Amino acid sequence: MQQLGETPLFKNQREMFPDPKAAYDQGLLAVSREINTEMLFESYSFGIFPWPHEGYENLWFCPDERGVLLFKELKFSKTLKKLLRQNTFRITFNESFNQVIDECAVAKRKEQDGTWITDDILTTYKIFHKMGYAHSVECWQNEELVGGMYGVYVAGVFSGESMFFKTTGASKVALLSMIELLQKNGQTWMDIQMVTPFVESIGGKYVEKSEYLEMLAEQKKQAKKLFF
C-alpha cells in the first residue's frame, strides 16, 4: 500500500479482483457474496466499484465508458450561478455522513425503482467513512439536512457515489461545494461513474475505460491526503 504517514492512500497489488481490463459485458468484473472495507479499498484503487442489482449477489464493475468531470471544463448556467450567489445553505463536510448515505438510500429517483444502496452497502461505507476513505458534504437550512452527497477518496481520486435533496438546488450546491474543496486540494477532476443530465450540463462526460485507467494511474503518482 502506498502511504502518507500512517494513512494508506491506495493498494499497489490486486489480490481479490481480476484485471479491470478483463471485464465482461457492460463492465461486469466480479461477483461476491459479501462486501467489506478491504474489498472497497482494493476496488477503488484499481477503478472498480460495487453496483448491487436486485436478485443478484454483490456485483463489481469497471465499465467500458466512465463518467468524469474535468474541472477545467466546468460550465454554469445563469440559473446555477444565481443559486450559488444566494448562499441559501450552510455547508459542512463529514459532519453527518451516516445521515447523508441513509437519505441517499431512500431518495426517490426518476425511472428508478428501489435502490442500489443496500443494507450491506450502508453498513460497509459507514465503516469506510470511519476509516477516512468515504466522505460527505451536507447542505443545511435552519439546522435541517436538506441535501448532500457522499463519495470515496482513494488513489488520489474522488469518486462521487450518490446525492439527494429535499429542497430544490441542495444536491447541486453539495456537488459544487465538493468540487470547490477538491480544487483547493489541487485536484483537477473527479470520477462521477455515470453522467446524469445535471452533471452533463456542467461539463461531465464519458471517457473510454483505457483513458480512465490512465488518468487513475497518473493520479496515483501524485496522490496525497484530502484535507477538509
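Quick rundown of the values:
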| read-out | value |
| --- | --- |
| Efficiency of FRET from Cβ geometry, residue 116 and residue 214, R₀ 35 Å, rounded to 0.05 | 0.80 |
| The chain: angle of helix 209-221 to the longest principal axis, Cα-based, in degrees nearest 10 | 80 degrees |
| Listed residue (203, 226, 190) projecting farthest to the positive dipole end of region 170-228, Cβ model | 226 |
| Stretch gain in nm, segment residue 130-residue 188, where the contour uses 0.36 nm per residue and the Cα spacing is subtracted | 18.3 nm |
| With Cα atoms, 0 to 90° folded angle of helix 170-184 axis to the chain main axis | 70 degrees |
| FRET E, pair residue 21, residue 224, Förster distance 25 Å, beta-carbon r, rounded to 0.05 | 0.40 |
| Paramagnetic reach from residue 82 (point 7 Å along Cα→Cβ, amide N under 19 Å) across region 141-184 | 167-174 |
| Given charges at Cβ of Lys, Arg, Asp, Glu: region 2-64 dipole, positive-most of 62, 8, 49 | 8 |
| Dipole magnitude (debye, nearest 20) for the chain, charges at Cβ of Lys, Arg, Asp, Glu | 1120 debye |
| For region 2-64, diffusion coefficient by Stokes-Einstein and Kirkwood Rh (Cα), 25 °C, 0.890 mPa s, µm²/s | 200 µm²/s |
| For region 66-221: rounded, prolate or oblate by the Cα gyration tensor [a/c cutoff 1.5] | rounded |
| DSSP bridge pairs, the chain: antiparallel proportion in percent, nearest 5 | 95 percent |
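Here, each number is a calculation from the coordinates, and none is a lab measurement. Since we're looking at a predicted model, the values are computed, not measured. Backbone-built Cβ (ideal geometry, glycine too); neighbour counts: all protein chains shown.
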